[in-house]
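Working notes, beginning with the structure itself.
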Amino acid sequence: MDHTSNEAFKLLKQLNLHLELESKYQPREKGLILIESTAENDNSICPRLRNAKVEDLWSLTNFFGLGMETFVLAVNILDRFLAIMKVKPKHLSCIGVCCFQLAAKVVEEDCNIPSVHDVIRISQCKCTVSDMNRMEKIISEKLHFEFKATTALTFLHLYHTVVLCHSSKRKEVLNLDKLEAQLKACNCRLIFSKAKPSVLALCLLTLEVETLKSLELFEIALRVQKHSKVNDEDMLYWRELVSKCLADYSSPECCKPDHKKLVWTVSRRTAQNLHNSYYSVPELPTIPECGRINESESEDSCEEMSSGEDSLGSSPPSDLEASFFFDNYQPRLKRLSFVPFVAMNNL
């Protein structure tokens, strides 16, 4: 009991600290409202462009095998920058990849941070390394180099741990992966950037507790709400929006970022210079009914087969069999040493 009390005290202390900091890292509301009111044909960022860029950020995060924290932080950096700067659509691609790189530098180990060249090539942002360096400097200065933010994911992890700590059953009845997937869906909608991170996380938690129909967990969630000083009016308003968002994302008509196939393409110049063996797997020699294949013939077959396995015709697997509307599929970057230029469409 003493151990449990100490753990609960430490968790509440962390919660209080992040509750004090959350407003500091929340995007400026006036800027978000300006984006919401921007028309599609205006030469400025509209909600559709912002949401599409967030989906691209998730595709990049997924492709390079980075964590959920990197994605959420990249979205936070993007929204905070867009809320204070008037950005033209042609600069959004460069801004997006810079936010992705900045988030990766904060969250990931050095060995896991993608190289700038790989990010430029895979994202097809059509900017140079110099462009990215200049843009990173602008973003850093405008945000006063404050990147390690308190986000809705921070509160979601804290709330989840608090519930488990106070639950008598002592088992993981709340699926954290599912809660993170739901948060991911909300991040793809501009409107949820206006919600306090603590409120957004609490809405996700209470909606999940409601589906579990656990009276004990419901009482714990109410105590968490009271401690976080979230009033019922705010909870009802954001819960309704979150519930509608999750219903939309769980419908088969919705196109999810995770469900887009990664398609490899090469430039025309590269395609002309590629050897034929890069496009097809060579036929294997016929195995004689009697006797054995001579050693030299066998070695040649293995060499050709290895080049065929690296052919550009192959593409990373899709994750259409997701158990929820997002899953943990994380394709890894392949080494394509023989290709001077490789791009990926439909991120």
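The values are calculated or read from the model by the stated rules, or taken from the named source; none is laboratory data. These numbers come from a predicted model, not from an experiment. For neighbour counting, all protein chains shown are included, and Cβ atoms are generated from backbone atoms with ideal geometry for every residue, glycine included.
Do we have any residue at all in segment 50-72 that's in contact with a His (Cβ under 8 Å, 6 or more places away or on another chain), closer than 26 Å to Leu176 by Cβ and buried (at least 18 other Cβ atoms within 10 Å of the Cβ)? Within segment 50-72, not a single residue is in contact with a His (Cβ under 8 Å, 6 or more places away or on another chain), closer than 26 Å to Leu176 by Cβ and buried (at least 18 other Cβ atoms within 10 Å of the Cβ).
Yes or no, residue by residue, for (1) free of Cβ contacts under 8 Å to residues at least 40 places away in the same chain; (2) surrounded by 13 or more Cβ atoms within 10 Å (Cβ to Cβ):
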position: Phe100; (1), (2): no, yes
position: Ala103; (1), (2): no, yes
position: Glu108; (1), (2): no, yes
position: Ile113; (1), (2): yes, yes
position: Val116; (1), (2): yes, yes
position: Ile120; (1), (2): yes, yes
position: Met132; (1), (2): yes, yes
position: Lys137; (1), (2): yes, no
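Restricting segment 34-53 to residues that are without any contact (Cβ under 8 Å) to a residue 60 or more places away in the chain and among the hydrophobic types (A, V, I, L, M, F, W, C), the residue that is nearest to Thr151 (Cα to Cα) is Ala52. If you go through segment 157-192 and keep only what is in a helix (DSSP H, G or I) and of a type outside the set (A, V, I, L, M, F, W, C), you end up with His157, Tyr159, His160, Thr161, His166, Asp177, Lys178, Glu180, Gln182, Lys184, Asn187. When Lys142, Lys184 are checked against the criterion of being out of contact with any His (no Cβ under 8 Å at 6 or more places or on another chain), basic (Lys, Arg) and buried (at least 21 other Cβ atoms within 10 Å of the Cβ), a single residue qualifies: Lys184.
Of all residues in segment 198-222, those being surrounded by fewer than 18 Cβ atoms within 10 Å (Cβ to Cβ) and without any contact (Cβ under 8 Å) to a residue 40 or more places away in the chain number 9. Scanning segment 145-156 for residues that are under 17 Å from Gly67 (Cβ atoms) and surrounded by fewer than 18 Cβ atoms within 10 Å (Cβ to Cβ) turns up just one, Lys148.
Could you tell me whether segment 54-62 includes any residue that is part of a helix (DSSP H, G or I), out of contact with any Phe, Trp or Tyr (no Cβ under 6 Å at 6 or more places or on another chain), among the hydroxyl-bearing types (Ser, Thr, Tyr) and farther than 26 Å from Phe145 by Cα?
no
Looking only at segment 54-98, residues that are without any contact (Cβ under 8 Å) to a residue 40 or more places away in the chain and under 12 Å from the mean Cα position of the chain (by Cα) come to 3 in all.
Can you pull out the residues in segment 184-224 that are closer than 17 Å to Val162 by Cβ and among the small types (Gly, Ala, Ser)? Result: Ser198, Ala201, Ser214, Ala221. Among the residues of this structure, Ala195 does not count as one that is among the aliphatic types (A, V, I, L, M), in a helix (DSSP H, G or I), within 17 Å of Leu19 (Cα to Cα) and at pLDDT 95 or above.
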